[in-house]
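Asks: Encoded as structure tokens, here's the structure I'll be asking about.
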Amino acid sequence: MKGLLEGKICAVTGGASGIGLATARLFAEHGASIAVIDNDAAHLETCRELFAEHNWPLLAFHGDVCDTGSVREYFSQVADQFSGLHVLVNNVGDFLGRIKPLADMSDSDIDALFAVNLRQVMIVSREALGLLKASAAKLRAAGDTTNAGSIISISSIEGYRGMPNITPYGAYKLGLEGFTKSLALELAPDRIRVNAIAPETTQTEQVQPRQWMTEDDYQRPNHWIPLGRFGEPEDHAGCALFLASPLSQWVTGTVIHADGGALAAAGWYLTPHGAWTNTPIVDRSAISGLMPEDQ
């Protein structure tokens, strides 16, 4: 199925790599014009080359979503180049390497995590609303009341289970659900839908599970992810396409848990050595005969 976003204009924050790039690419494949904002110039150049190769319409803006002035200039350029906006994907988020107990978190640690994981989502969404509402009004006037607009935010499974030693990150990611539900009600009269996606660990340049694990355990994600593997950016891009397209025209104010069943299985574990992990190492010799062999 192609053309689900034909004629749509879609903004993707952090759209030059990882989940953001996979989403921008999939949206373009379905007919959308894409506006990306990213603070990494090298990634932006790679994104430009990819889009030029396929002759996909692209605005690649070098900017910081945590800076209101930069965000305003970005949407000004979106308006100038595309004259509207139908979909916003709030993809940016990061734990910033600030992994430590709350007792050791400084004010600047807490503020920095808030800025990149929750505050900027509110700022970016607010600054996009003028374009989103104007474009939605045009569609409604033309008789399209089913898919006038969509805001999609990338949250995390860590907002829905405890995550030790980076408490603010988990709190802000869960905060995205409250943001999503409340804004969904505000924008429902405009027929702009607001939803979120909560991924489990996904292999990107930013997050590489192989760095944390032995090779043996890297090959055994079925011990803690029921569908048997870590996420890929394309997994979440597919969810975003669903939420951006008419396929989800009656879906708003909710969260898709794209996690391979990990939330259903649940759990962080404390090893005998006193380290927290969500990738437990099992001593199989101690439980011989109690569980089936690996498939």
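The values are calculated or read from the model by the stated rules, or taken from the named source; none is laboratory data. All values derive from a computational prediction rather than experimental measurement. Don't worry about glycine lacking a Cβ; one is built from the backbone with ideal geometry, like all the others, and counts go over all protein chains shown.
Asks: Taking the stretch 27-62 only, how many residues are farther than 24 Å from Cys239 by Cβ, out of contact with any Asp or Glu (no Cβ under 7 Å at 6 or more places or on another chain) and assigned to a loop (DSSP other than H, G, I, E, B)?
Replies: Number satisfying all stated conditions: 1.
This table checks each residue for (1) under 16 Å from Ser135 (Cβ atoms); (2) touching a Cys at 6+ places or on another chain (Cβ under 9 Å).
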site: Phe27; (1), (2): yes, yes
site: Val36; (1), (2): no, yes
site: Leu58; (1), (2): no, yes
site: Phe61; (1), (2): no, no
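Asks: Please go through the stretch 123-152 and pick out each residue that is in a helix (DSSP H, G or I) and closer than 19 Å to Leu243 by Cβ.
Replies: Val124, Ser125, Ala128, Leu129, Leu131, Leu132, Lys133, Ser135, Ala136, Leu139
This table checks each residue for (1) closer than 20 Å to Ala115 by Cβ; (2) of a type in the set (Gly, Ala, Ser); (3) without any contact (Cβ under 8 Å) to a residue 24 or more places away in the chain.
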residue: Ile9; (1), (2), (3): no, no, no
residue: Gly31; (1), (2), (3): no, yes, no
residue: Ala42; (1), (2), (3): no, yes, yes
residue: Leu50; (1), (2), (3): no, no, no
residue: Asp64; (1), (2), (3): yes, no, no
residue: Gly84; (1), (2), (3): no, yes, no
residue: Leu88; (1), (2), (3): yes, no, no
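Asks: Out of the residues in the stretch 242-261 that are crowded, with 16+ Cβ neighbours inside 10 Å and more than 22 Å from Gly178 (Cα to Cα), state the one that is modelled with the lowest pLDDT.
Replies: Among residues in the stretch 242-261 that are crowded, with 16+ Cβ neighbours inside 10 Å and more than 22 Å from Gly178 (Cα to Cα), the one modelled with the lowest pLDDT is Gly260.
Asks: Among the numbered criteria (1) surrounded by fewer than 17 Cβ atoms within 10 Å (Cβ to Cβ); (2) aliphatic (A, V, I, L, M); (3) under 16 Å from Gly175 (Cα atoms), which one does Ala52 miss?
Replies: Exception for Ala52: condition (3).
Asks: Answer yes if at least one residue in the stretch 153-172 is farther than 30 Å from Gln249 by Cβ and in contact with a strand residue (DSSP E or B) (Cβ under 7 Å, 6 or more places away or on another chain), and no otherwise.
Replies: yes
Asks: A further question on this structure: Within the stretch 79-102, does at least one residue satisfy the condition of being more than 30 Å from Thr146 (Cα to Cα) and not in a loop (DSSP other than H, G, I, E, B)?
Replies: yes
Asks: Among the residues that make up the stretch 153-164, is at least one of them buried (at least 20 other Cβ atoms within 10 Å of the Cβ) and in a strand (DSSP E or B)?
Replies: yes
Asks: Another question, if that's okay. All but one of (1) surrounded by 16 or more Cβ atoms within 10 Å (Cβ to Cβ); (2) in a loop (DSSP other than H, G, I, E, B); (3) basic (Lys, Arg) hold for Arg119; state the number of the condition that does not hold.
Replies: (2)
Asks: Here's a follow-up. Among the residues of the stretch 105-119, how many are under 21 Å from Ala196 (Cα atoms) and in contact (Cβ under 8 Å) with a residue 60 or more places away in the chain?
Replies: 1
Asks: Kindly indicate the residue of the stretch 1-21 that is of a type outside the set (Gly, Ala, Ser) and surrounded by 22 or more Cβ atoms within 10 Å (Cβ to Cβ) and also nearest to Ser156 (Cα to Cα) among those meeting that condition.
Replies: Among those that are of a type outside the set (Gly, Ala, Ser) and surrounded by 22 or more Cβ atoms within 10 Å (Cβ to Cβ), it is Ile19.
Asks: Can I ask one more? Which of the residues belonging to the stretch 4-21 are outside any loop (DSSP other than H, G, I, E, B) and of a type outside the set (Gly, Ala, Ser)?
Replies: Scanning the stretch 4-21 gives Ile9, Cys10, Val12, Thr13, Ile19, Leu21.
Asks: Here's another thing I want to ask about it. Val65: under 21 Å from Pro199 (Cβ atoms), part of a strand (DSSP E or B), under 20 Å from the mean Cα position of the chain (by Cα) and modelled with pLDDT of 95 or more, yes or no?
Replies: For Val65, the condition - under 21 Å from Pro199 (Cβ atoms), part of a strand (DSSP E or B), under 20 Å from the mean Cα position of the chain (by Cα) and modelled with pLDDT of 95 or more - is not met.
Asks: Please work out which one of (1) over 20 Å from the mean Cα position of the chain (by Cα); (2) in a helix (DSSP H, G or I); (3) of a type in the set (Gly, Ala, Ser); (4) surrounded by 15 or more Cβ atoms within 10 Å (Cβ to Cβ) is the condition Ala24 fails and give its number.
Replies: (1)
Asks: A further question on this structure: Looking at Asn91, Asn39, can you tell me which residue is closer than 27 Å to Asp190 by Cβ, crowded, with 16+ Cβ neighbours inside 10 Å and touching a Gly at 6+ places or on another chain (Cβ under 8 Å)?
Replies: So the residue among Asn91, Asn39 that is closer than 27 Å to Asp190 by Cβ, crowded, with 16+ Cβ neighbours inside 10 Å and touching a Gly at 6+ places or on another chain (Cβ under 8 Å) is Asn91.
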